[in-house]
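A.B. asks: My questions all concern the structure below.
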Amino acid sequence: MEFGRISNIEHIDFTLPEDHVGTLKVLGRVKANKCSAYVGCPIWSEAGFIGKIYPKKTKPKDVAKYYSQQFNSIELNISHYKSLDRDTIEHWIDITSSDFKFCPKVNQIVSHTPLIKQNAYYMREIMATNQHFKQKLGMSFLQLPPHYDSTKINDLLDFCDDVALSKCAIELRHESWFKNEAVLKHICNYFYKNNLTLLITDTAGRRDVLHQRLTTKTAFIRFVANDLHPTDYKRMNEWITRLKHWIDNGLEEIYFFVHTPTHELMPELVIYFVTEFNKRTGLNVKVPKIFSPFIEDQKLF
C-alpha cells in the first residue's frame, strides 16, 4: 500500500490515539458472547511465499489453497482491479479452508470516479456477485480515493441509500473528512444507523486517518508496517491492547490486514501479531507456519 508511505519514519509518533467518546457507546460496554477475529494479507500470489509458507513447487492455481491453510482471511484487492465471476469465486470456495473469509475490495469502476452515486448500478451488481462467496464472505470494503473530499458527503450518502448498502466497511482518505468534526460526526451517525463500518488505516504518513471511531461492533483495520522495523512490533502490541479493550466492551468481529513494502515479510508480521493476540485475548486465530529451509518436502500439516 502506497497510501501514507514515507521514507523516513524516525520522527513519527506511532502512539495510538485515545478512542473517540462514541466508540464504547457503539460497543455497548458489555462483553459479547463471542468475538471472531480474521487476520491476513492483501495478496496471496507472492513469489516470496513459495518455499516459505507454501510448498516449493506451488503452482499458481494452488496459491489460494495454500494461503488459506496458513491464514484465515484475505483482503482481496484483486477485485478492485478485475471484475469477479461466479466460476472463479466458486473455485476459490472449493479450494479454501472451511473457516476462511474473503474481504473483497469494491471495484474501482465504482469507487474511483469523481462522483459515485452515478455508479449505484455497478455496485448492486458487485453486491450480487459477492453473494457467491456464501458463508465465506467476510466484509467487503469500499475505498474512496484521496481526491474524494468531504464536500462529496451527499454524493456518498445518496449512493449508500440508493444501493441500500450495509455490512460494508468504508475507507475515507481525503484530509477534509478528519478536519471537519461536524461532517465526520454526521457520517459516523449515518454509518451507525445503517450498519456500515468506518475503516481504520494505520500508516506512518497519515496519522489523521487513525480516527479510532467505531460505527459498528466490527473493527476493520489496515495496518501498514515498515519491513520489520522495531516500531512495527510496538505498534502491533498497542493494537492488541486496544483490541482487547474493545473485546471486553462488546466488540464482535475483527478484520486486521497487514501490509508492508516488502511483501514476502508479511508472514513474519502476521505470525507475531496473531501469536501475541491469542495470548492476550484467549482467542485461537490461525498462526502461519514458516517452512524449515532444511526440510525439502515438508507439508503444511
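A.B. asks: Go through (1) surrounded by 18 or more Cβ atoms within 10 Å (Cβ to Cβ); (2) free of Cβ contacts under 8 Å to residues at least 60 places away in the same chain and name the single condition K167 misses.
C.D. replies: (1)
A.B. asks: Specify which of the listed residues (Q108, Q118) is of a type outside the set (G, A, S) and free of Cβ contacts under 8 Å to residues at least 24 places away in the same chain.
C.D. replies: After applying the criteria, what remains is Q118.
A.B. asks: Of the residues L115, L184, L156, only one is surrounded by fewer than 16 Cβ atoms within 10 Å (Cβ to Cβ), among the hydrophobic types (A, V, I, L, M, F, W, C) and either over 19 Å from the mean Cα position of the chain (by Cα) or more than 19 Å from L214 (Cα to Cα) (or both); which?
C.D. replies: Answer to the selection: L115.
A.B. asks: Give, as residue ranges, the helices (runs of 4 or more DSSP H) completely inside the stretch 49-161 that count at least 2 residues that are farther than 19 Å from F220 by Cα.
C.D. replies: In the stretch 49-161, 63-68, 86-95, 108-111, 120-130 are the helices (runs of 4 or more DSSP H) which contain 2 or more residues that are farther than 19 Å from F220 by Cα.
A.B. asks: Here's another thing I want to ask about it. Would the stretch 111-120 turn up any residue that is out of contact with any helix residue (DSSP H, G or I) (no Cβ under 6 Å at 6 or more places or on another chain) and charged (D, E, K, R)?
C.D. replies: no
A.B. asks: Something else: In contact (Cβ under 8 Å) with a residue 24 or more places away in the chain, part of a loop (DSSP other than H, G, I, E, B) and not hydroxyl-bearing (S, T, Y): which single residue out of A32, A37 fits that description?
C.D. replies: Selected residue: A32, the only one of A32, A37 that is in contact (Cβ under 8 Å) with a residue 24 or more places away in the chain, part of a loop (DSSP other than H, G, I, E, B) and not hydroxyl-bearing (S, T, Y).
A.B. asks: If you don't mind, there's one more thing I want to ask. Kindly provide the set of residues from the stretch 229-244 that are touching a residue at least 60 places away in the same chain (Cβ under 8 Å) and either more than 17 Å from the chain's Cα centre (by Cα) or not in a helix (DSSP H, G or I) (or both), ordered by number.
C.D. replies: Residues satisfying the conditions are H229, T231, K234, E238.
A.B. asks: Report whether or not I295 is more than 18 Å from the chain's Cα centre (by Cα) and either crowded, with 18+ Cβ neighbours inside 10 Å or modelled with pLDDT under 95 (or both).
C.D. replies: Answer is yes for this residue.
A.B. asks: Let me ask something else about it. Would a scan of the stretch 199-214 turn up a residue that is assigned to a strand (DSSP E or B) and in contact with a Ser or Thr (Cβ under 9 Å, 6 or more places away or on another chain)?
C.D. replies: no
A.B. asks: Continuing with this model, one more query. For the stretch 44-53, state whether one or more residues are within 19 Å of the chain's Cα centre (by Cα) and surrounded by fewer than 16 Cβ atoms within 10 Å (Cβ to Cβ).
C.D. replies: For the stretch 44-53, residues within 19 Å of the chain's Cα centre (by Cα) and surrounded by fewer than 16 Cβ atoms within 10 Å (Cβ to Cβ): present.
A.B. asks: Restricting to the stretch 187-228, give me the number of residues that are free of Cβ contacts under 8 Å to residues at least 40 places away in the same chain and more than 15 Å from the chain's Cα centre (by Cα).
C.D. replies: Counting residues in the stretch 187-228 that are free of Cβ contacts under 8 Å to residues at least 40 places away in the same chain and more than 15 Å from the chain's Cα centre (by Cα) gives 9.
A.B. asks: Mind checking which residues of the stretch 237-249 are surrounded by fewer than 18 Cβ atoms within 10 Å (Cβ to Cβ) and either in contact with a helix residue (DSSP H, G or I) (Cβ under 6 Å, 6 or more places away or on another chain) or among the β-branched types (V, I, T) (or both)?
C.D. replies: The answer is T241, K244.
A.B. asks: Any idea which of (1) surrounded by fewer than 19 Cβ atoms within 10 Å (Cβ to Cβ); (2) acidic (D, E); (3) more than 19 Å from A32 (Cα to Cα) is the one D232 doesn't satisfy?
C.D. replies: Against the list (1) surrounded by fewer than 19 Cβ atoms within 10 Å (Cβ to Cβ); (2) acidic (D, E); (3) more than 19 Å from A32 (Cα to Cα), D232 comes up short only on (1).
A.B. asks: Another question about this same structure. Would you pick out the residues in the stretch 258-282 that are assigned to a loop (DSSP other than H, G, I, E, B), of a type in the set (S, T, Y) and over 10 Å from C41 (Cα atoms)?
C.D. replies: Within the stretch 258-282, T262 is the sole residue that qualifies.
Residue by residue, here is whether (1) on the phi < 0 side of the Ramachandran plot; (2) not hydrophobic (A, V, I, L, M, F, W, C) holds:
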| residue | (1), (2) |
| --- | --- |
| K234 | yes, yes |
| K244 | yes, yes |
| G250 | no, yes |
| E253 | yes, yes |
| F273 | yes, no |
| K279 | yes, yes |
| L283 | yes, no |
| F291 | yes, no |
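The values are calculated or read from the model by the stated rules, or taken from the named source; none is laboratory data. The model shown is predicted, which means the values in this text are computed figures rather than measured ones. In this analysis, Cβ positions are derived from the backbone assuming ideal geometry, glycine residues included, and neighbour counts consider all displayed protein chains.
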